[in-house]
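Below you'll find the structure, written out as structure tokens, and then a few comments.
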2 protein chains.
Amino acid sequence: MTDTIKYLIDETRIPKYWYNLAADLPVAAPPVLHPGTLQPVGPADLAPLFPMDLIMQEVATEREVPIPEPVREVYRQWRPSPLFRARRLEKALQTPAKIYYKYEGVSPAGSHKPNTAVPQAFYNKQAGVKRLVTETGAGQWGSSLAFAGALFGLEVKVFMVRVSYDQKPYRRALMETYGASCTPSPSKETQAGRAILAQRADHPGSLGIAISEAVEIAAQRDDTKYALGSVLNHVLLHQTVVGQEAMAQLEMADDYPDVIVGCTGGGSNFAGIVFPFLGAQLRGGKKVRIVAVEPAACPSLTRGQYAYDFGDTAHLTPLTKMHTLGSTFTPPGFHAGGLRYHGMAPLVSHIKQLGLIEAVAYHQTTCFDAGVLFARAEGILPAPEANHAVKGAIDEALKCKAEGKSRTILFNLCGHGHFDMQAYIDYFGGKLQDLDYDEAELAMALAGLPSVKAAA
Amino acid sequence: MTDTIKYLIDETRIPKYWYNLAADLPVAAPPVLHPGTLQPVGPADLAPLFPMDLIMQEVATEREVPIPEPVREVYRQWRPSPLFRARRLEKALQTPAKIYYKYEGVSPAGSHKPNTAVPQAFYNKQAGVKRLVTETGAGQWGSSLAFAGALFGLEVKVFMVRVSYDQKPYRRALMETYGASCTPSPSKETQAGRAILAQRADHPGSLGIAISEAVEIAAQRDDTKYALGSVLNHVLLHQTVVGQEAMAQLEMADDYPDVIVGCTGGGSNFAGIVFPFLGAQLRGGKKVRIVAVEPAACPSLTRGQYAYDFGDTAHLTPLTKMHTLGSTFTPPGFHAGGLRYHGMAPLVSHIKQLGLIEAVAYHQTTCFDAGVLFARAEGILPAPEANHAVKGAIDEALKCKAEGKSRTILFNLCGHGHFDMQAYIDYFGGKLQDLDYDEAELAMALAGLPSVKAAA
């Protein structure tokens, strides 16, 4: 049997810094604006929500941001994560392509999210914060922050999008096992939640709404801060350990990617694997094709507008320029809850606008087909979000087969699906539907985009 | 923060052979007997159920049994598994003890079981077998054989104990994702199952019954063999990669255990970590205290008789001498389904009888207390079975604290609990009960032990 190969580097090679793409961009990303003044926000504007260390990382321009030693100590529990050459999958596809995947499901919480949950908890602890409030979709982020909170002795409160809260009770149980509390969103605990429930009592929730609730609670108390699992620059920055390690591991394999594939919801796992390679390219290195894979039912990169918009539904956040479906857009309840966000990370949107990456959208059934094929070949059961990346990588491999060309494909398998088994049960039971968003709702949400003519 | 430390060895140090305790025993274990003749069984007696390579390993006497290279290739996907020094747990307990755990949940199926599922699938494939039939309790074994079957192109059919089938639908979904079929046991597909259902239509099932069903099906067709996930010598043999790696990793830490703790159902994960250390002791090395932790509701080592008994309820298997609660004993439906077996591995029973190990039994609630404490300190959520080992290790660490002594404790964290979250939900909801077996039923089951005076 030609078996799957693992490339493992030792823990001395856990990156000592996070890689900051801002240092290598040909054009700087547009500034974040205050929604009242439409002027760029300063550190003081963000201080009620984040500790100053994270705010400074949000606007950092140096290429290398040092990783504090206590954070590297925690990373050591599961990092460096393995890079696999998927030879069993290649054989199943009969493709001449070489397929590599970086597997982030080895973290205690089961995804890439602890890469940023741990430093966020660390910096908040350093700043004397007692409690973190956040939102979560499928629960990967909520359980990761719960894990990090347990390590650093911080109380963690999670607003979980109601449709996922109902679909994934076991993910909630994991958060509670780590000692966090978990509330379905929209909830009656906040003004934002009550306003939504007044309009529609059975509202399934959205990440935009859950963010509003978390931000509202965080702003009420000095000992409480907000934490976000994706979208923001500092979150993407923390994820770059993934791509840096992958680079070192591919060097072991004496290989380099022709194509990199990642799934995109808020953009953080995608940025994590892509940015270090893109930075190398921008500094004169080899050009790599980069493909973002998103859900057809929430297609911010392929169907959204590149415009200034709010990060949340109740409009409590600053305005960021990004690919957006409109902050009031509520995607249907497909299983990849981590990809159900109306916007895209400003940095990922910016490089899309610069033509440095491509994007493609798939419906969920075809992604589960890919995920099951992958599980039978590689033994690892991907999360529904990760199935999008698997589908994208398999399609690239099949293109190689059709063209009779061998290319090197790298993708980020950002998490396992152990807490998403109901989705697989639905899939095998023929109950998984290819949900679509409502065109009229999208048009309305886009029509409601804030008018930011001056700055845009 | 004084953080948890990972000891990782590189893949060249995956063991090249399995360690066979039989070579170092002061007294050979009693032979396996044919239930009709009461004479020791020969290889030919077992040939309908197992391929000859596995039968020869069952009776092997050499110390080192080579691991075939294709098996080591598959092991490489997750082996060597990490050994952790649980410094965050030590701190939470304020104990002077040093606590190490070997973490087998890193395998694709989430437990130690693939260590034997892979070689079993390999040897069956080599022998031209097309289909494997097996039983499973909680599903750790069934999903591991399903995984191995997918890799080697073998059809896999699993009889799952009904109470676990109902408690753990997601574990079943995992088996199906790997392409296996899963039937609740007792079923109407076999004579053994139908006989049980005739007595009690809502029978919750037991491992003994599920084994009967699997053996019955396997014996019907030449292209079909049976596979067992624990108990037998060759299964325990395959698990010794765990202890061998732990030994090398403790050498890195410049340490050696004073106490080794493992949970015991059939005995395989316990044997896996213990036998290499016990062998070293028997060859003149350091004496180590060894503690087997079992469920109080199915206490074969602490309450069973050491006697010849059948491995299954319908009496289709040979007779083995072991600690047994009687082959008709049905334990209550506690959550550690992998520990719900009426007997104990003959080799583990034998060393218990020789006074080389101790045994202790705990109820499930206290084990979950330990598991939640562990999860909050170490970030890893243990399976209900593994919680027994965690509880045993914590008790040893607290003894050290009470005595003011620092001892080195090693335990096997044999699997994660990602598919057992209902148990945690019940725990947090106050619905987890300390189930006990029925004393009258135990007395009846023990009274029914076969009479084997001559050989015993």
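The values are calculated or read from the model by the stated rules, or taken from the named source; none is laboratory data. This is a predicted model, so every value here is computed, not measured. Note that we place each Cβ from the backbone using ideal geometry, even for glycine, and neighbour counts take in every protein chain shown. Ligands, DNA and RNA are stripped out before the accessible areas are found, and what is left, the full protein with its side chains, is counted by its heavy atoms. Shrake-Rupley method; radii C 1.70, N 1.55, O 1.52, S 1.80 Å.
So here's what we get for this one:
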| quantity | calculated |
| --- | --- |
| Residue count for the stretch A:401-421, restricted to those that are touching a helix residue (DSSP H, G or I) at 6+ places or on another chain (Cβ under 6 Å) and either more than 14 Å from chain B (Cβ to nearest Cβ) or open to solvent by 50 Å² or more (accessible area, probe 1.4 Å) (or both) | 5 |
| Residue match in the stretch B:184-202 (condition: within 20 Å of the chain's Cα centre (by Cα) and under 27 Å from residue B:233 (Cα atoms)) | yes |
| Given (1) surrounded by fewer than 17 Cβ atoms within 10 Å (Cβ to Cβ); (2) small (Gly, Ala, Ser); (3) closer than 30 Å to residue B:234 by Cβ, index of the condition residue B:447 fails | (3) |
| Residue in the stretch B:386-400 that is among the small types (Gly, Ala, Ser), over 30 Å from residue B:306 (Cβ atoms), away from chain A (no Cβ under 14 Å) and open to solvent by less than 10 Å² (accessible area, probe 1.4 Å) present | yes |
| Count of the stretch B:302-349 residues which are at pLDDT 95 or above, open to solvent by 10 Å² or more (accessible area, probe 1.4 Å), part of a helix (DSSP H, G or I) and of a type outside the set (Ser, Thr, Tyr) | 3 |
| Selection status of residue A:8, closer than 25 Å to residue A:249 by Cβ and within 11 Å of another protein chain (Cβ to nearest Cβ) | yes |
| Number of the condition not met by residue A:287 [criteria: (1) under 18 Å from residue A:263 (Cβ atoms); (2) in a loop (DSSP other than H, G, I, E, B)] | (1) |
| Residue identified as within 23 Å of residue A:26 (Cα to Cα), within 13 Å of the chain's Cα centre (by Cα) and surrounded by fewer than 24 Cβ atoms within 10 Å (Cβ to Cβ) among A:233, A:269 | A:233 |
| 2 or more residues farther than 30 Å from residue A:285 by Cβ and modelled with pLDDT of 95 or more: qualifying strands (runs of 3 or more DSSP E) within the stretch A:19-138 | A:131-136 |
| Qualifying residues in the stretch A:83-116 (those that are within 11 Å of chain B (Cβ to nearest Cβ) and of a type in the set (A, V, I, L, M)) - the one surrounded by the fewest Cβ atoms within 10 Å (Cβ to Cβ) | A:92 |
| Selection within the stretch B:132-184 - among the acidic types (Asp, Glu) and more than 11 Å from chain A (Cβ to nearest Cβ) | B:135, B:155, B:166 |
| Top-ranked residue of the stretch B:203-224 - restricted to ones that are open to solvent by 30 Å² or more (accessible area, probe 1.4 Å) and modelled with pLDDT of 95 or more, ranked as farthest from residue B:156 (Cα to Cα) | B:216 |
| Residue check for residue A:302: under 24 Å from residue A:445 (Cβ atoms), without any contact (Cβ under 8 Å) to a residue 60 or more places away in the chain, among the polar types (S, T, N, Q) and touching an Asp or Glu at 6+ places or on another chain (Cβ under 9 Å) | yes |
| From A:276, A:184, residue being surrounded by 20 or more Cβ atoms within 10 Å (Cβ to Cβ) and not in a loop (DSSP other than H, G, I, E, B) | A:276 |
| Any hit, the stretch B:358-367, residues being open to solvent by 10 Å² or more (accessible area, probe 1.4 Å), within 14 Å of chain A (Cβ to nearest Cβ) and at pLDDT 95 or above | no |
